[in-house]
Amino acid sequence: MRVAIVGATGAVGSTMLGIMRERSFPADEVVPFASERSAGRTIDWGDRNLTVAPLTDETIQGFELALFSAGSGVSEEWGPRFADAGAVIVDNSSYWRMKDDVPLVVSEVNPEALANHNGIVANPNCSTMQMVVALKPILDTAGIERLVISTYQAVSGTGQRAVDELHSQTRAVLEATEIPPAQIYPHQIAFNAMPQVESFKDGDDYTTEERKMMAETRKILGDDSIRISATCVRIPVYTGHSESVNVQTRDDLSPEQCRELLATAPGVKVLDDPANGIYPLAIDAAGGDDVLVGRIRRDSSQDRCLNLWVVGDNLRKGAALNAVQLAELLNVRGLLRAAA
Ligand SMILES: NC(=O)c1ccc[n+]([C@@H]2O[C@H](COP(=O)([O-])OP(=O)(O)OC[C@H]3O[C@@H](n4cnc5c(N)ncnc54)[C@H](OP(=O)(O)O)[C@@H]3O)[C@@H](O)[C@H]2O)c1
């Protein structure tokens with residue numbers, strides 16, 4: 001199988017390449033693509049050296065699979081072109097996610113949706129992804145009526161330049177030198193908490209990230225009736241999104257039942273012994289594949305409500321790992337097409 005990685009030099013793309021090696025992804029050939037700036041660069045990929053190619057009508061021919069993480073504009077323009085040339089696309093950007101004919105898939109939650117693809121499959125937003133992995137067993141057992149979510153999101157979710165911005169601002173504060181002005185974020189991120197993830201658009205008082213969480217969660221869980229309110233906050237953590245999730249179920253579910261359900265759920269690890277300081281932490285989730293869930297407790301201010309603390313690696317399960325898992329499923333289920 002020939003596989004294209006579009007955006008291979010970025011935070012998500014390089015993580016996808018690493019995960020493909022870790023999981024021995026059955027690719028005969030992998031071709032990394034990035035912007036013109038990076039064309040010709042070599043990427044060390046285990047025992048192979050890969051040369052970064054530019055996107056042209058000639059270079060995109062002959063692939064069965066293309067994993068995209070180069071932003072919405074590139075996905076909009078080049079996704080259909082790869083698909084026309086015979087590849088199935090797994091796209092990390094937000095561009096295709098809410099289109100009716102594009103399945104939005106989390107490997108542990110709705111893998112059956114892959115069968116309906118028309119050449120493009122969308123990978124959800126990182127904060128949505130980790131949350132729905134934890135919510136799926138609850139939905140199947142007790143139903144979900146309402147979610148109130150507050151996120152505490154890491155800077156690597158914005159890409160490599162945001163990581164650099166946090167680093168240089170933090171160093172300046174610690175060394176008492178002049179703090180470099182914010183360029184990626186609207187305010188200083190070092191030693192701060194910012195209740196704006198992405199942007200406020202068209203007079204909306206929810207951010208685009210909050211809108212994505214609400215819409216994508218309903219699409220993945222296949223239930224438009226779930227009432228959802230999200231507040232997304234950026235914090236000065238490099239990797240690992242943390243989320244406070246308040247779940248109102250349809251049927252009663254005790255914290256003990258919830259813990260039992262999640263203990264056997266795929267992709268989830270329960271860490272819930274708070275009296276002994278055991279609960280999910282961003283530093284423990286970073287670099288791992290599991291979504292960590294803890295602080296499971298009743299919200300006695302409402303009927304049938306539980307609080308959960310959900311933490312995941314935004315670059316791995318939140319993006320790259322799920323994309324590779326979807327690619328594996330497309331392959332084993334015979335859902336890839338013969339390259340043109
Ligand atoms: N970071 C996350 O946690 C996360 C999670 C879910 C989804 N995503 C999505 O994944 C995508 C990539 O995010 P990222 O964090 O990896 O960003 P990033 O670190 O900034 O990397 C962007 C990648 O896209 C390439 N690129 C940029 N413009 C291009 C063009 N015109 N043609 C071809 N390649 C181009 C870059 O190549 P050069 O190196 O040559 O510039 C680089 O490889 C975005 O759509 C983002 O929303 C990110």
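The values are calculated or read from the model by the stated rules, or taken from the named source; none is laboratory data. It should be emphasised that the depicted structure is a prediction, and the values quoted were computed from it without experimental measurement. Don't worry about glycine lacking a Cβ; one is built from the backbone with ideal geometry, like all the others, and counts go over all protein chains shown. Just so you know, the surface numbers come from the protein's heavy atoms only, side chains and all, with ligands and any DNA or RNA stripped out. Shrake-Rupley method; radii C 1.70, N 1.55, O 1.52, S 1.80 Å.
Per atom type, the chain shows carbon and sulfur on 47% of its accessible surface, probed at 1.4 Å.
Which shape class applies to the chain: rounded if a/c is under 1.5, otherwise prolate when a/b exceeds b/c and oblate if not, where a ≥ b ≥ c are the square roots of the Cα gyration tensor eigenvalues?
Oblate, because a/c is 1.5 or more while a/b does not exceed b/c.
Within 10 Å, at most 16 other Cβ atoms, and a DSSP state outside H, G, I, E, B define an exposed site. Report the longest part of the chain free of exposed GluC sites (Glu not before Pro).
Excluding the exposed sites themselves, the longest stretch runs over 179-340.
Under 17 Å from a point placed 7 Å out from the Cα of M98 along the Cα-to-Cβ direction: which residues of the stretch 106-143 have their backbone N that close? Counting only backbone N, you get 122-129.
For the stretch 85-127, rounded, prolate or oblate, judged on the Cα gyration tensor with a ≥ b ≥ c (square roots of eigenvalues), a/c < 1.5 rounded, else prolate if a/b > b/c? The shape class here is oblate. Estimated from helical segments only, the mean residue ellipticity of the chain at 222 nm is -9000 deg cm²/dmol, where each DSSP H run of four or more residues counts as -39500 (n - 2.57). Once both axes come from the Cα atoms, what is the angle between helix 208-221 and the longest principal axis of the chain, in degrees from 0 to 90, rounded to 10? Rounded to the nearest ten degrees, it is 90. Over the chain, Cα pairs under 8 Å with separation of 6+ residues give a relative contact order of 20 percent.
Can you tell me how the stretch 112-225 classifies by the Cα gyration tensor, rounded, prolate or oblate, using a/c under 1.5 as the rounded cut?
Values: a/c = 2.43, a/b = 2.21, b/c = 1.10.
Here the stretch 112-225 falls in the prolate category.
The residues packed around R48, meaning those with a beta-carbon under 12 Å from its beta-carbon, carry a net charge of -3 if Lys and Arg are +1 and Asp and Glu are -1. Accessible area per residue for the chain, computed on protein heavy atoms with a 1.4 Å probe, is 43 Å².
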